[in-house]
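Take a look at the structure below.
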Amino acid sequence: AQSVTQLGSHVSVSEGALVLLRCNYSSSVPPYLFWYVQYPNQGLQLLLKYTTGATLVKGINGFEAEFKKSETSFHLTKPSAHMSDAAEYFCAVSDGFGNEKLTFGTGTRLTIIP
Amino acid sequence: EAGVTQFPSHSVIEKGQTVTLRCDPISGHDNLYWYRRVMGKEIKFLLHFVKESKQDESGMPNNRFLAERTGGTYSTLKVQPAELEDSGVYFCASSLLGSGAGTEAFFGQGTRLTVV
């Protein structure tokens, strides 16, 4: 069975500061990893994903994540936070074997301090 | 192009009543998923349709939940009778079939169900 752990249900950073949202996963097969974002009153939107190949993945809005197999981690980062980044972020994993169902973490709500 | 659409956006019902949630996927998406988020917890998989067929319903909580996908287009999720623990946000997602590894699933805005 797969699982995802997101450390920190709430994270606050100052505008312009580094954003770091942590995600660790457990999977018995090579995982496919995703970060989704939910802005207020909207559905979940894909930020980025890792399937195979390069372990540093770049996504939309300046976000990136690095797949580290040895640490079973897929942390999300952004060098400089913007007020518009305030949202809830979800890390997810799938096994990709013809069934793309996602196993999600509990989410991290990101607050940006002006 | 329209995204995934869910109706209603909010629903408040009394315990014991019936509620039907609807999801209209992106046109041409044969994969359709239902997920649920109970307050403060993770988003959990409920079931997966491929066209009109149930591919995986391992996440359905119990037999009070019934999902259908008429003609492989829109889907409904009926809860009958509703219980307090059914409260939460129900998300629908759709994706293309056979698009390879890590196919992106597109999510709707969700239906917030409150059972009182």
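Before moving on, here are some points about what is shown:
- Choice from B:Q17, B:Q55, B:Q80 with maximal GNM fluctuation in chain B (Cα, 10 Å cutoff): B:Q17
- If you bin all the Cα-Cα distances of the range B:1-58 at 10 Å, starting from zero, the percentages per bin are 18, 44, 34, 4.
- Positive-end ranking of A:S70, A:L48, A:S80 along the dipole of the range A:1-92, with charges on Cβ about the Cα centre, is headed by A:S70.
- Beyond 30 Å in Cα-Cα separation lie the following of the pairs A:K58/B:K41; A:K49/B:K78; A:K78/A:K101; B:K15/B:K44: A:K49/B:K78.
- DSSP-assigned coil residues among GluC sites (Glu not before Pro) in the range A:30-111, each with at most 13 further Cβ atoms within 10 Å: A:E71
- Rg and Dmax of the protein assembly as shown, based on Cα coordinates, read 17.6, 51 Å.
- Dipole of chain A, positive direction: furthest Cα of A:V37, A:G59, A:C23, with charges on the beta-carbon: A:C23
- Spatial extent of chain B: Rg and Dmax, with the Cα atoms as the point set, Å: 13.5, 43
- A DSSP coil position with no more than 16 other Cβ atoms inside 10 Å describes the following trypsin sites (Lys or Arg not before Pro) in the range B:1-55: B:K15, B:K41, B:K51.
- Alpha carbon centroid spacing (whole Å) that separates the range A:73-114 from the range B:4-30: 25 Å
- Projected over all directions and averaged, the alpha-carbon convex hull of the range B:42-85 occupies 3.5 nm².
- Cα principal axis extents for chain A, largest first, Å: 43, 28, 22
- Cβ-Cβ distance of A:E71 and A:A17, R₀ of 35 Å, FRET efficiency by 1/(1 + (r/R0)^6): the value works out to about 0.90.
Every number in this text was worked out from the coordinates using simple rules, so none of it is lab data. Everything quoted here is computed from the prediction, not taken from an experiment. Cβ coordinates were reconstructed from backbone atoms using ideal geometry, including for glycine residues, and neighbour counts include every protein chain displayed.
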